[in-house]
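Please treat every number below as a calculation from the coordinates, not as lab data. Bear in mind the structure is a predicted one, so any value in this text is a computation, not a measurement. Note that each Cβ is placed from the backbone with ideal geometry, even for glycine, and that neighbours are counted across all protein chains shown.
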Amino acid sequence: MEKELLYPVTNQYRFDQSLDGLWDFKFDEAAEGQQQGWPQKGLPAAIQMPVPASFNDFFTDKAAREYTGDFWYAKRVFVPRAFQGRVIGLRFGAATHRATVYVNGQEIRQHEGGFLPFTADISSVVKFDQENLVVLKLNNELHRDALPAGDTGVLKNGKKMAKPFFDFYNYSGLNRSVQLMAVPQDRVTDYSVTTTLTATTAEVHYTVTTSQATAKVTVTLQDEQGTVVATGHGRQGTLIVDQPQLWNVRDAHLYTIAIQLTVNDDPVDEYRDQIGLRTIEIVGHQILVNGEPVYLKGFGRHEDSIYAGRAFDLNVEKRDFELMKWMGANSFRTSHYPYDEAVYRFADREGFLIIDEVPAVGFKMAAASFLGGLDQSFFDGEWTTELYKKHLDQITDMVHRDKNHPSVLAWSLLNEPDTSSKSAVPYFEKLFADTQALDPDQRPRTFTLNEDDTFDTSYCKQFPDFYLLNRYPGWYHKWGYEISDGEAGLRAELDKWQASEIDKPVVFSEYGADTQPGLHKLPSVMWSEEYQIELLQMFNRVFDSYDFIRGEQPWNLADFQTVEGNMRVNGNKKGLFTRDRQPKEAAFYLRKRWAGIDNNFKN
Ligand code: CKX
């Protein structure tokens, strides 16, 4: 079960019960919980903590907010006898950054990676018709051989402190839902679908994996009216849909795939999901969905909101989608980690394209020096062998989890890594090849190139199927009155991309200006609402001058919390919306621009 990531459901064969709510919680500064028998006894003098939530912003004292190290959660969970005979599991949507799961005093499993789900098979220790003690030890330290990358410092007073090589706050805890699941012994463990199109049909190629080899597999596809449009038998096959309703950008149509298992003609399991029929290709400098060129309009985002930090909140997500729709956006990047599964379901339904990013962020010592750091090429470090294993492990889980979403356009394998040294090349070569082998849909692979990794300086331009550029003229350099030189510099770089042999799409995945809402100034100054608009206007002029630029995703949809520092006034303020999701002036400007830009802009 531990390799299974199917989204939990309840039906005649499967049960999924939310364990969200208040859990016991305790910091463990001395790392003594294990020794003190917390897995067996529960947490002494625990406080109550909501799940899902990041613990940080609930606290009123700074040492608790900034806490770095081990911390524990516990809950007593009643498991009814009705579940007997099934495989019983716990599913954690996200636990930052490493977790050990204990049930009834027994260690069940460990997991590393704070932005992807994992399951723990507790069948061998569960007690039916009784309360079971579920205890979790988490650890939120940052390391160079882990994702996202950073260091953990120790202050003179003995307190540990997170020193991220990235700017978003190291929000920690059980950030996504926890579920108790009971699934059949003989069950569907995974499935994948890919689509090819002919003039009048869609061919849906499916593969189903099961826990046991004996069950018979039947797969049906139903349209939105509930009519069965195709049926297949066996673990692999092709479903042919005549006159399909394709999934399109901002015009989504979904089909329901139902996978049934029978043993001696008796049904033993069923799994249903919603899929979309569409193709994705990169041809020359075009991004094609169903063979039609698409220009990306959207945002880099964060899972971030007041009180609960990085916790997934369906209410915030709903608001974000409404804002993106109001803006006329058609896409976003899950900067800088895979988001909660509900986000992809929203996007499938609403016809948004997602650039799905793994938490490989901070792979650059310049980002560390931004916070008072080091002078070394990141990929020269002795930590890269261990890091690679974890990196590929998380890409594997991301692709495994998200591969069937029609909304997922591409995999972003790193954000702003250091590629200006040759030592990055073997790492990238292997990473891009290994990722290709994972995705049945062969989606494009990419990474974001930051300011230091330009057409001239990056050694890794050969790897992406299309490019994501993060560029900050007008903000981190050539700022204020010098912005015209910033524009000239940007054009000079783009002229080189244009004159080169490379013919691949370029999407601007980050650009922007920190902006204090309500600060007005004529003429503009940096941080004012006017300056944010002027900076966006400058970039937009540039985008409209180059045909190979096939998308624009300003940084960020909304303001978000960061580490504190002399470059931040309570967070990163490059949002088009405030942290409480109200528009800055620039949102109205950009909305107007995007109203004039169709999905097939530049064709
Ligand atoms: N890019 C110079 C990564 C994002 C940051 C953004 C910023 C940087 C800029 C790199 O995660 O928030 O500083 O605004």
Checklist entry - Do any of Lys62/Lys156; Lys318/Lys573; Lys160/Lys574; Lys389/Lys422; Lys163/Lys574; Lys75/Lys127 go past 18 Å between their Cα atoms, and which? => result Lys318/Lys573; Lys160/Lys574; Lys389/Lys422; Lys163/Lys574
Checklist outcome for this item: extent check for the range 15-183: Cα max minus min per principal axis, descending, whole Å, gives 53, 30, 26
Next on the checklist: For a quick size check, give me the Cα extents of the range 428-579 along its three principal axes, largest first, whole Å.
Outcome noted: 51, 33, 24
Item to check | C-alpha center-to-center spacing [the range 329-366, the range 199-250] in angstrom | outcome: 27 Å
Item to check | Extension gain (nm, one decimal) between Asp145 and Gln516, 0.36 nm per residue minus Cα-Cα | outcome: 130.0 nm
Item to check | Among 33-46, 325-338, the order from most to least packed when residues are scored by Cβ within 10 Å on average | outcome: 325-338, 33-46
Item to check | Hz values of 3J(HN,Hα) by residue in the range 119-134 - Karplus curve (6.51, -1.76, 1.60), Gly and Pro given as x | outcome: 10, 10, 7, 10, 4, 6, 10, 6, 10, 7, 6, 9, 7, 10, 8, 9
Checklist entry - Mind checking Rg over Rh on the range 220-294, alpha carbons, Kirkwood formula for Rh? => result 1.09
Checklist outcome for this item: The alpha-carbon pair-distance distribution computed for the range 232-382, with 5 angstrom bins and whole-percent values, is 2, 7, 12, 14, 14, 13, 12, 11, 7, 4, 2, 1, 0, 0
Checklist entry - What residues qualify as long-range amide H neighbours of Trp23, i.e. H under 5 Å apart, gap of 5 or more or another chain, H built at 1.01 Å from N? => result Met49, Val51
Item to check | Once the Cα gyration tensor of the range 108-164 is diagonalised, semi-axes √(5λ) in Å | outcome: 33, 15, 7
Next on the checklist: Could you check the spin-label model distance between Gln48 and Gln185? Points 7 Å from the Cα along Cα→Cβ, value in nm.
Outcome noted: 4.1 nm
Next on the checklist: At 20 °C and a viscosity of 1.002 mPa s, what translational diffusion coefficient does Stokes-Einstein give for the range 409-461, taking Rh as the Kirkwood radius over Cα pairs? Give it in µm²/s as a whole number.
Outcome noted: 185 µm²/s
Checklist outcome for this item: Taking Rh as the Kirkwood radius computed over alpha-carbon pairs of the range 296-595 and applying Stokes-Einstein at 4 °C with viscosity 1.567 mPa s, one gets a diffusion coefficient in µm² s⁻¹ of 66 µm²/s
Item to check | Long-range HN-HN contacts of Val408 with modeled amide H, under 5 Å | outcome: Ile354
Checklist entry - What residues have an amide H closer than 5 Å to that of Thr189, excluding those fewer than 5 places away on the same chain, when H is modeled at 1.01 Å from N in the peptide plane? => result Thr209, Thr210, Ser211
Checklist entry - How much length, in nm to one decimal, is gained on full extension between Asp547 and Arg581, taken as 0.36 nm per residue of separation minus their Cα-Cα distance? => result 9.0 nm
Next on the checklist: With the crude spin-label approximation of a point 7 Å out along Cα→Cβ, what separation in nm comes out for Thr214 versus Thr198?
Outcome noted: 3.9 nm
Checklist entry - Which peptide among 181-188, 566-573 comes first, and what is the full order, when sorted by highest mean count of other Cβ atoms within 10 Å? => result 181-188, 566-573
Checklist outcome for this item: In nm, the gap between the two label points placed 7 Å beyond Cα toward Cβ at Thr385 and Leu288 is 4.4 nm
Next on the checklist: For the ranges 15-22, 145-152, 452-459, 274-281, what's the packing order if you count other beta-carbon atoms within 10 Å of each residue, average per peptide, and put the highest first?
Outcome noted: 145-152, 274-281, 452-459, 15-22
Checklist entry - Which whole-Hz couplings ³J(HN,Hα) result when phi for each residue of the range 419-434 is put into the Karplus expression 6.51 cos²θ - 1.76 cosθ + 1.60, θ = phi - 60°, listed in order with x for Gly and Pro? => result 10, 8, 10, 4, 5, 6, 4, x, 4, 5, 4, 5, 4, 5, 5, 5
Checklist entry - Could you give me the ³J(HN,Hα) list for the range 94-100, computed from phi with Karplus coefficients 6.51, -1.76, 1.60 and θ = phi - 60°, whole Hz, x at Gly and Pro? => result 6, 9, 8, 9, 9, 9, 10
Next on the checklist: If a paramagnetic tag sat 7 Å from the Cα of Lys602 along the Cα-Cβ line, which residues of the range 376-416 would have the backbone N under 16 Å from that point?
Outcome noted: none
Item to check | For the range 457-517, alpha-carbon Rg relative to the globular expectation (2.2 N^0.38 Å, N residues) | outcome: 1.28
Next on the checklist: Based on alpha-carbon centroids, what's the gap between the range 18-39 and the range 379-437 in Å, whole number please?
Outcome noted: 33 Å
Item to check | Pairs of Cα atoms farther than 33 Å apart, the chain, % | outcome: 46 percent
Next on the checklist: Can you show me the helix-derived [θ] at 222 nm for the chain, built from DSSP H runs with n ≥ 4 at -39,500 (n - 2.57) apiece and divided by the number of residues, rounded to the nearest 500.
Outcome noted: -5500 deg cm²/dmol
Next on the checklist: Assuming 0.36 nm per residue, please report the length gained on full extension of the stretch Thr10 to Leu22 beyond their Cα-Cα distance.
Outcome noted: 2.0 nm
